[in-house]
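Participant: Below is one structure. I have some questions about it.
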Amino acid sequence: MNENTIVKAENLDLYYGENKALKGINIEIPEHQITALIGPSGCGKSTFLRCLNRMNDLIPNVKITGSLLYRGEDIYAPGQDVTDLRKRIGMVFQKANPFPMSIYDNVAYGPRTHGIRSKVKLDEIVEESLKGAAIWDEVKDRLKKPALGLSGGQQQRLCIARALAVKPDVLLMDESTSALDPISTSKIEDLATELKKDYTIIMVTHNMQQAARISDKTAFFLLGELIEYGDTEQMFSMPQNKKTEDYITGRFG
């Protein structure tokens, strides 16, 4: 494993029952970079993303073979503490899903679950996380107000703050801007670029311009296979594979 690799998959296959959704995935993802997973719907990119924090465990009849390592440890090892894994590998979903409670309680939820009770400490984490998610100034005077009163873009940044509150190592973003308007999208893109100093970001996106704008590496998935993976700039200017080129230039499908 390269010294800056944080996640490594080798011959990773995933089956939903009889259906093989991932086929022999080999990839090394570097830390403190943004890696974009692109490809048409249903091609395996979200499935791969969800393997990284074992969200697929929640689906019946899933079988995984091959190896998937996070910092050299097998994510699927017997005895792996899944709660701890999900604390280190946080996730932000496609649709903002704030809990029906106050803005403050949304962010404090994770730290409280992990045993932090001190109000001083929680206040500090909440402020730090909201600042980290670039939404502090918009909400600092209404922390006790319901999170569901925020706009869609604010709710999504709140969900990012909630993920940051437990101090993850990796942030998975599953099309986290697809439901947002261009201004909110741009705020979250700027935010992701900021966050990679402290976190590793792996994002699924349908938006090719977004991948080209903010990611360092891009992985192109098609029908469960990883077709091409490399530096974003190179992939968008000189893809090595005809299928990648067809997809990027829109001559596809």
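Laboratory data are not the source of any read-out in this text; all were calculated from the coordinates shown. Here the structure is a predicted model, which means the values were calculated and not measured. So basically every Cβ, Gly included, is an ideal-geometry build from the backbone, and we count neighbours across all protein chains shown.
Participant: Listing M238, M203 from the residue with the fewest other Cβ atoms within 10 Å to the one with the most, what is the order?
Facilitator: So the ranking, lowest neighbour count to highest, is M238, M203.
Participant: List every residue whose amide H lies under 5 Å from the amide H of M203, counting only residues 5 or more places away in sequence or on a different chain, with H placed 1.01 Å from N in the peptide plane.
Facilitator: Correct list: T35, A36, L37, M173.
Participant: Based on the Kirkwood radius over alpha-carbon pairs, what is the Stokes-Einstein translational diffusion coefficient of the range 1-86 at 37 °C with 0.692 mPa s viscosity, in µm²/s?
Facilitator: It diffuses with D of about 244 µm²/s by this estimate.
Participant: Hey, what did the range 44-89 get for relative contact order, percent, Cα under 8 Å, at least 6 apart?
Facilitator: RCO, the range 44-89: 40 percent.
Participant: Give the span of the chain's Cα atoms along each principal axis, as three whole-Å numbers ordered largest to smallest.
Facilitator: 53, 43, 35
Participant: Going by how many other Cβ atoms sit within 10 Å of their own, how do R88, R50 line up, fewest first?
Facilitator: Lowest to highest Cβ neighbour count: R88, R50.
Participant: In which sequence would K20, K217 go, from the one with the fewest C-beta neighbours within 10 Å to the one with the most?
Facilitator: Listing K20, K217 from fewest to most nearby Cβ atoms yields K20, K217.
Participant: Which number comes out as Rg/Rh for the range 197-238 once both Rg and the Kirkwood Rh are worked out on C-alpha atoms?
Facilitator: 0.96
Participant: Let me ask something additional. Compute the helix-to-body angle for 119-132: its Cα long axis versus the longest principal axis of the chain, expressed 0 to 90° and rounded to tens.
Facilitator: 50 degrees
Participant: Now, a different point. Whole-Hz Karplus ³J(HN,Hα) for the range 55-70, in order, using 6.51 cos²θ - 1.76 cosθ + 1.60 and θ = phi - 60°, x for Gly and Pro?
Facilitator: Each residue's phi maps through the Karplus curve to give 5, 5, 4, 7, 9, x, 6, 8, 10, 10, 10, x, 10, 9, 10, 10 Hz.
Participant: For the range 43-121, what relative contact order do you get, as a whole percent, if you take Cα pairs closer than 8 Å and at least 6 residues apart?
Facilitator: 23 percent
Participant: Normalised by the number of residues in the range 5-248, what is the relative contact order in percent for Cα pairs under 8 Å and 6+ residues apart?
Facilitator: So the answer I get is 28 percent.
Participant: Using each residue's phi in the range 228-245, evaluate 6.51 cos²θ - 1.76 cosθ + 1.60 at θ = phi - 60° and report the 3J(HN,Hα) Karplus result to the nearest Hz, with x for Gly and Pro.
Facilitator: Going residue by residue, I get 7, 8, x, 5, 4, 4, 5, 5, 7, 9, 9, x, 7, 10, 4, 5, 4, 4 Hz, with x marking Gly and Pro.
Participant: So what is the 222 nm mean residue ellipticity for the chain from helices alone, if each DSSP H run of at least 4 adds -39500 (n - 2.57) and you divide by all residues, rounding to the nearest 500 deg cm²/dmol?
Facilitator: -10000 deg cm²/dmol
Participant: Moving on. Quick one: angle between helix 103-113 and the longest Cα principal axis of the chain, in degrees between 0 and 90, rounded to 10, please.
Facilitator: Taking the Cα atoms of the chain, the angle to 103-113 is about 70 degrees.
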